[in-house]
Amino acid sequence: MNQPSKKIGTIRLQNLSYAHKQAATLMAAVELDLFTHVSRGCSQLSDIADTLQISRINAERLVVACAALGLLEKTDGEYQNAADVDRFLVKGKPTYIGPWLLFSRMDFEKWRDLGTFLKSDEPPKTLGLYETLTEEMAREYHEATYSVGLGAGMLFARDVDMSQRSLILDLGGGSGAYCIAAVQKYPHLQAVVLDFEPVCRITDRFIAQWGLTENITTRPGDFTRDPLPQDADLMIMASNLPQYSGQMLIRILSKAYESLVPGGEFHLVGETLNDEKTGPLGPALWGIHESLFGSEGRSHSESEVRHYLETAGFSKVTINPFIPGSLSRITGIKK
């Protein structure tokens, strides 16, 4: 007996075309602190309107859209945050990542013209967005990355045994989140964050906030061009993988290999694709994001990153799960 064929409709494609509306709804809710107020007991529509200082109809529009997106749940006429929202989008919690989500507005308009960027025949820029980095851009970007990066740094410190290591070098360490987390768990460690000068000025503030200026220092520089500091026995390159071409990554990793002490380890924490290059979605979108800034970068698969590390000279290269759907941790050892 023939099975009825599944009807093909347009809803999936329509929803994809509306994705900017979903993102804007999420950002508006974060900007208005909707989830923070709901967490504090503001659970009915009238209270939400008064607390957010918006009209009743706009409050209804917002909470209905957030409920449809699965951000809010409704029970007996009262709203509560979904579990991930309550953990990550309530201001005041150490896990709050609101600044990172709101930072996505920076290039909101550029995405509208993605087709134009994809047709561009301008020569690619080695550093993409960083070619025109200002201190204000560095401040906005790394205040955002810090909000999400500290959690990743803490996960790294739990996953990686650094008890026998002495000096960390973090390439493009941004806010310094990985080094901050590592030194908190392993107080004997010293760490250096290598990044552009405007970024280092922001990094120094985060380091000072944690009282870790004796353990963590910054070094202004461009690790794609400048010599790397010597004597590190553990090196990190995190969350900047799609900014570079494969050729550039091999150059960077070869420099890293030369500067590490024998037996030192390198950890590339990156937005990697699966080997078939069919996902995950996040890493794929970070790759196409580079076209907005004329970068040489693209998404890279786990097997490609393994190849880059081995080509640079690293042995015992292993691919380790890190944040499923977002980041892998790929590690190599200097012989």
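Residues in the stretch 26-57 that are touching a residue at least 24 places away in the same chain (Cβ under 8 Å) and among the hydroxyl-bearing types (S, T, Y): T36, S39, S43. Is there a residue in the stretch 222-243 that is under 19 Å from E131 (Cβ atoms), modelled with pLDDT of 95 or more, among the basic types (K, R) and assigned by TED's automatic domain parsing to the domain that holds P124? Looking for residues that are under 19 Å from E131 (Cβ atoms), modelled with pLDDT of 95 or more, among the basic types (K, R) and assigned by TED's automatic domain parsing to the domain that holds P124, one finds none in the stretch 222-243, hence no. Just wondering, is there one or more residues in the stretch 78-91 that are at pLDDT below 95 and among the aromatic types (F, W, Y)? No, the stretch 78-91 contains no residue that is at pLDDT below 95 and among the aromatic types (F, W, Y). Screening G149, G128 for residues that are closer than 21 Å to Y178 by Cα and touching a residue at least 40 places away in the same chain (Cβ under 8 Å) leaves exactly one candidate, G149. Restricting attention to the stretch 83-114, the residues that are surrounded by 10 or more Cβ atoms within 10 Å (Cβ to Cβ) and within 30 Å of C42 (Cβ to Cβ) total 22. In the stretch 175-189, the residues that are assigned by TED's automatic domain parsing to the domain that holds R201 reach residues that are surrounded by 24 or more Cβ atoms within 10 Å (Cβ to Cβ) and in a loop (DSSP other than H, G, I, E, B) with C-beta atoms within less than 9 angstrom, at least six apart or across chains, in these pairs: C179/G173. Screening K277 against (1) in contact (Cβ under 8 Å) with a residue 12 or more places away in the chain; (2) part of a strand (DSSP E or B); (3) surrounded by fewer than 17 Cβ atoms within 10 Å (Cβ to Cβ); (4) within 20 Å of the chain's Cα centre (by Cα) leaves a single unmet condition, (2). The criterion of at least 2 residues that are surrounded by 18 or more Cβ atoms within 10 Å (Cβ to Cβ) and of a type in the set (A, V, I, L, M, F, W, C) is met by the following helices (runs of 4 or more DSSP H) wholly inside the stretch 5-75: 19-31, 34-39, 45-52, 56-68.
Checking each residue in the stretch 115-148 for being exposed (fewer than 14 other Cβ atoms within 10 Å of the Cβ), of a type outside the set (G, A, S) and assigned to a helix (DSSP H, G or I) picks out T116, L118, E131, T132, E135, E136.
Here T203 fulfils each of the conditions (1) part of a loop (DSSP other than H, G, I, E, B); (2) among the hydroxyl-bearing types (S, T, Y); (3) under 26 Å from R251 (Cα atoms) apart from (1).
Listed by first and then second residue, the pairs with beta-carbon distance under 8 Å, at least 6 apart or on different chains, first residue in the stretch 211-223 and closer than 30 Å to L249 by Cβ, second at pLDDT 95 or above and surrounded by fewer than 14 Cβ atoms within 10 Å (Cβ to Cβ), are N215/P187.
The values are calculated or read from the model by the stated rules, or taken from the named source; none is laboratory data. Because the structure is a prediction, the values reported are computed rather than measured. When we count neighbours, we look across all protein chains shown, and the Cβ atoms used for this are built from the backbone with ideal geometry, even at glycine.
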